[in-house]
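Below is one structure, written out as structure tokens; the observations come after it.
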Amino acid sequence: MRAEGLPFEPVTIGPLTLRNRFIKSGANEAMCLDGRPTAALVKHHRDLARGGVGMTTVAYMAVAPEGRTLPNQIWIRPGILPDLLALTSAVHAEGAAISAQITHGGSFVTGMKVKGRTISASSGFNPAGMLKGNLLQRAMTEADMERVTAEFVAAAQLARDAGFDAVELHMGHGYLLNQFISPLSNKREDQYGGSAENRVRFPARVLAAVKRAVGASTAVLAKINVADGTRRGAQVEDGIVTARALQAAGADMLVLSGGRNVESTWFMFGSRMNRQEMAKVLKQQGERLMAFAMQAAASREPDIQFREMYFLEYSRKIRAAVDLPLAYLGGIKSLANAEQAVAEGFDCVVLARALLHDPALVNKFHRGEVVQSGCDNCNGCVAYIYHPAGTRCVMNPPNDPDLNKIPASAAE
Ligand SMILES: Cc1cc2nc3c(=O)[nH]c(=O)nc-3n(C[C@H](O)[C@H](O)[C@H](O)COP(=O)(O)O)c2cc1C
Ligand code: SF4
């Protein structure tokens, strides 16, 4: 029987109306060459749009070349406008909207060498940069903050000009803006450090500037942590302060995530990393040191069991504290999960792994063909962000490596 009801109804987010409330979460596709989208990326997002999502999110589009964590990520710049246009028009042709996740890694640069010290909230040793020699980070000055704000604004303007319907500023997971928000990385003693209100000051300023620049035509979203998942990290009370500050700065919707790439990946995924798949893929690419480091990190993870909707208790607290639209993310695995999230007052549901496993899941939910995702939360897909053919679910056939060698604008 055909499923109807709230998750399938349109929703308005700032200047944007989506055909339904299912959003594909930004999940590093590893589908670009020299920071330029490939034909594989077009196919990936076209499949998701054809499969029924209201909006798909292009992951990790760095606002500056040194803002990438890996060399196979997009660096958003005027020279790639034709490739971005190919991507957005393919998605629009299928009736879906498309969002650009714009971000800067700051000191979280794991896969490439950055000239000089990486930027961050605070100075000091940079554990995330060990493998590629980015050993030290420096605290951003006011001039750095102005430059990075301008980079975010320019990236948002370019995304708008390329036809993106929304931009999502990444303020979670341990990237630059989160390095300010989280007490794990912000040790400043000025107006940008200390209290939760101070720590969100710079990220909120960036959002307000982006909103001023593109907000009339483009929805401005932010992905935040409801909590970092560690004792010394941001707690849900900090998440509430962050959400309130971003509401005041003009955010059209917040996507609620959690966890940090270095300290608490397991919290982000509600489950442990897949050590075997990670070692296999990294060794194939000659990244033996990284394989060793990843395995060592994974072995220190707590032994947690995956739960559907694993961020719900945290996200409910944010829902109760703010009025702006919120998107529930984290372990949406069934139609019932999506219905529950919307019934509890979340305006959208955001899915990564369930849609990597089956890009047509939303249509299948809608047609009543399935009610449960076949994804078993093995996290094998995470290893494929290092694969030359791009990210995929290990249950599906391999991606075509040749598609990942053709620029998006040259695709058929
Ligand atoms: C392969 C893979 C790559 C990811 N890359 C990103 C990323 O680039 N940016 C981001 O914000 N989150 C990234 N994530 C996290 C997801 O967006 C999402 O927050 C997380 O998987 C939880 O949602 P889920 O339970 O629906 O999978 C990634 C997840 C996966 C599985
Ligand atoms: S590899 Fe496939 S089944 Fe495993 S977590 Fe990723 S999407 Fe789910």
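Quick note: the coordinates plus some simple rules give every number you see, no bench work behind them. Being a predicted model, the structure only gives us computed values, none of them experimental. Please note: Cβ atoms are built from the backbone with ideal geometry, for glycine as well, and neighbour counts cover all protein chains shown.
Compactness ratio for the chain: Cα radius of gyration over 2.2 N^0.38 Å (N = residue count) comes to 0.90.
Residues in segment 221-227 carry Karplus couplings, in order, of 10, 9, 9, 10, 8, 5, 6 Hz; the curve used is 6.51 cos²θ - 1.76 cosθ + 1.60 with θ = phi - 60°, and Gly or Pro positions show x. Here segment 53-84 and segment 331-349 have alpha carbon centers that stand 28 Å from each other.
If you plug the beta carbon distance of residue 276 and residue 307 into 1/(1 + (r/R0)^6) with R0 = 25 Å, you get a FRET efficiency near 0.65.
With only Cα atoms counted, segment 326-412 has Rg and Dmax values of 15.3, 44 Å. Cross-link candidates for residue 115: which aspartates and glutamates have Cα within less than 16 Å, leaving aside residues fewer than 8 places away along the same chain? Leaving aside aspartates and glutamates fewer than 8 places away in the same chain, those within reach of residue 115 are 66, 144. Relative to the current alpha-carbon distance between residue 284 and residue 367, full extension at 0.36 nm per residue lengthens the span by 25.9 nm. Largest GNM mean-square fluctuation across 80, 224, 332, computed for the chain with C-alpha springs under 10 Å, falls on 80. Along each principal axis, taking the top coordinate minus the bottom one, the Cα set of segment 44-148 gives 47, 29, 23 Å in descending order. Set against the 2.2 N^0.38 Å expectation for a compact globular protein, segment 107-175 has a Cα radius of gyration ratio of 1.28. Label reach from residue 17 (point 7 Å along Cα→C-beta): in segment 153-179, no amide nitrogen lies under 12 Å.
Close amide H contacts of residue 255 (hydrogens built in the peptide plane, cut-off under 5 Å, sequence separation of 5 or more or a different chain): 222, 223, 224, 327. Applying 0.36 nm per residue to the separation of residue 295 and residue 187 and subtracting their alpha-carbon distance, the gain on full extension is 36.0 nm.
For the cross-link pairs 113/187; 113/283; 43/132; 132/405; 24/317, the ones whose C-alpha atoms lie over 30 Å apart are 43/132.
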